[in-house]
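Just so it is clear, none of the values below were taken in a lab; they were calculated from the coordinates. Remember, it's a predicted structure, so these values are computed and weren't measured experimentally. Don't worry about glycine lacking a Cβ; one is built from the backbone with ideal geometry, like all the others, and counts go over all protein chains shown.
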């Protein structure tokens, strides 16, 4: 028993000595300094797409009922956590002569933009977030035939505010558009969408995402230039503020690599307001909104960097 007590005393002393030695080797406690976590997000990133479409659809109204080529490309720089600055440009090329007399044909519209993005997360798992983008858009029509203050380049400008409540279920969104150059008009797009992914599958479908969405468009009486008969009744009066159109859309994206993929989309567009439906009966030629209800779609390639 005496030997056992002596052994225990030696073991305890050795443990205390080892702890003291480890403590002596450790640096003296200092004031905690916040550590900046390294992020896997690239400093510069972007994406783009280019494809062929059955027509030119804008805010649920048909601008051109015949095939077009359209594309978009943007680049962004991450400034601080969840905040980025970027530029982008959208373009359109009519594939037929329907609008040649007024807009030319090849590359008849360029829409460059400057945008800011911010995302606020509600939880540590980053599953719920409020995403916000503000965008300044300039619309250029380099071959426009009509006289204008700036000569042959017809332009208008928008300031957009887009909000999206991201979550694993159903994503509501709203886009506030203010056209401040020509009509000083306001427009709202709002709706819901849901992205379905198949990443858990082991076959070719694992790279596919499908996004159904429903979008409603409200416009005030000043925002009429892209709607039936340019927002005027058959009697020549401005159509009052109204819930103008509805767009039901289905988007397919297939990523074949980290940087390249394919997309396809189809949409059903409906004019909701009665006065606008009446105005569509009096639209003719290339006028906006000649078709009250129509299907629209396209397919093409996507890039990411």
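A single member of 111, 81, 94 is within 21 Å of the chain's Cα centre (by Cα) and crowded, with 18+ Cβ neighbours inside 10 Å, and it is 111. Residues of the stretch 273-294 that are surrounded by fewer than 17 Cβ atoms within 10 Å (Cβ to Cβ), without any contact (Cβ under 8 Å) to a residue 40 or more places away in the chain and under 25 Å from residue 190 (Cβ atoms): 274, 293. Screening the stretch 172-266 for strands (runs of 3 or more DSSP E) wholly inside it with 1 or more residues that are touching a helix residue (DSSP H, G or I) at 6+ places or on another chain (Cβ under 7 Å), surrounded by 15 or more Cβ atoms within 10 Å (Cβ to Cβ) and touching a residue at least 24 places away in the same chain (Cβ under 8 Å) returns the ranges 242-255. Would you be able to tell me the number of residues in the stretch 273-305 that are within 18 Å of residue 234 (Cβ to Cβ) and assigned to a loop (DSSP other than H, G, I, E, B)? Number satisfying all stated conditions: 12. Against the numbered list (1) over 24 Å from the mean Cα position of the chain (by Cα); (2) part of a strand (DSSP E or B), residue 270 comes up short only at (1).
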